[in-house]
1. Trypsin sites (Lys or Arg not before Pro) within the range 94-149: which are DSSP loop residues with at most 16 other Cβ atoms inside 10 Å?
2. Taking only the C-alpha atoms, wrap a convex hull around the chain and report its volume per residue in Å³ as a whole number.
3. Quick one: net charge of Arg103's neighbours, Cβ under 13 Å, K/R +1, D/E -1?
4. Write out the chymotrypsin sites (Phe, Trp or Tyr not before Pro) in the range 239-316 meeting two conditions: DSSP loop, and at most 15 other Cβ atoms within 10 Å of their Cβ.
5. Take the Cβ-Cβ distance between Thr37 and Gln210 as r, set R0 to 25 Å, and report the resulting FRET efficiency rounded to the nearest 0.05.
6. Given a Förster radius of 25 Å and the C-beta distance between Leu200 and Gln274 as r, what FRET efficiency does 1/(1 + (r/R0)^6) yield to the nearest 0.05?
7. I'd like the FRET efficiency for Asp105 and Val249, computed as 1/(1 + (r/R0)^6) with the beta carbon distance as r and R0 of 45 Å, rounded to 0.05.
8. Give me the net charge of Ala264's neighbourhood, meaning all other residues with Cβ under 15 Å from the Cβ of Ala264; Lys, Arg count +1, Asp, Glu -1.
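Values quoted throughout were computed directly from the atomic coordinates according to the rules given, and no laboratory measurement underlies them. Since the structure is predicted, the reported quantities are computational estimates derived from the model, not experimental observations. Note: ideal-geometry Cβ built from the backbone for every residue, glycine included; neighbour counts use all protein chains shown.
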Amino acid sequence: MNDWIVGIDLGATKIALGLIDPLDRIVAQRRIPTEVTAGPEAAVERIVASIAELQAELPPGNRVAAAGICSPGPLDHETGLIIDPPNLTGWRNVPLREMLESRLDMPVVLEHDAKASALGEYHYGVGRNAGSMVYIVVGTGVGAAIIIDGQIYRGMHNSAGEVGHITIDRDGEKGSSGIRGNVESFMSGPALAYHYQCLLEQAGRPALQQPITGKWVAEQAAAGDDLAKQVLMHAGQALGVAVASLAMVLDIELYVIGSSVAKAGDLFLEPARQMAPAYCFESVASRVKILPAGLGDDGPILGCGWLARQTLQSRG
């Protein structure tokens with residue numbers, strides 16, 4: 001299709017927009033603050049203004065034909081409704097798609113941010129040659145988007161992919177959902193920070209005078225911090241157990257890991273690759289691939305762009 005598209009990644013602190021050309025390349029970008037407390041109406045106005053700026057960069061005679069936007073969940077992708085994301089305080093039952101369509105006079109599609117990232121990687125990143133793929137995002141929580149034969153698998157109630165709440169140690173500590181020994185309790189950002197703090201205390205080291213985050217732990221591990229490397233190793237092993245379980249259930253070979261923690265590379269992913277074969281059939285393990293996401297921050301923008309193109313096609 002010869003249409004220009006805009007992909008929009010709506011986050012808790014920033015909104016990233018990308019102008020996508022007919023060859024599915026991001027050719028211009030904008031980043032604006034979300035300013036959650038100002039409300040969704042104000043955010044929509046700033047998104048509209050940013051799209052106008054991007055449209056001004058188009059060749060003469062061209063215009064943006066559609067937009068795709070992704071957001072933290074929960075949301076309803078069919079009605080275009082943001083329900084009540086914890087990270088978007090006060091944004092409850094926001095008809096975001098309708099608000100944008102009425103201001104932009106173009107088709108708009110809304111999707112969950114993890115699913116948009118998965119679609120970006122599947123169509124334009126490391127999943128381009130895969131028939132099916134699981135995209136696992138490690139952040140404040142741990143979630144997954146499952147793509148089977150090119151289609152997002154959502155489940156009967158749109159809740160498929162909650163890999164963070166799979167129990168891998170029934171006697172383990174409770175995660176944020178109250179489920180004991182779940183994946184999230186090993187490898188979410190808060191879990192990484194907690195386990196690093198525990199190791200500091202066990203080693204008799206003084207408390208740090210700065211906030212400890214999962215991203216910080218990953219950066220420290222990459223810089224050679226032994227305690228941080230130990231935390232990532234255990235987190236990676238938990239990931240390996242989860243991937244093995246998914247591989248046995250889904251018979252999917254490719255697992256793409258996204259987030260700032262995945263940027264630690266083999267310090268996080270190699271323990272997962274080594275652990276997975278111990279928790280699934282050898283014939284299954286021999287096919288499993290665990291790879292870092294390749295598109296970075298462009299993934300959700302490109303995934304939103306792909307969805308926008310599908311929306312244009314479906315509307316004729």
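1. Loop-located and lightly packed - Arg128.
2. Cα-based convex hull of the chain, divided per residue, equals 144 Å³.
3. Surrounding charge for Arg103 is -3.
4. Sparse-neighbourhood loop chymotrypsin sites (Phe, Trp or Tyr not before Pro): Phe281.
5. That gives a FRET efficiency of 0.45.
6. Working from the Cβ atoms, E equals 0.45.
7. According to the calculation, E is roughly 0.50.
8. -1
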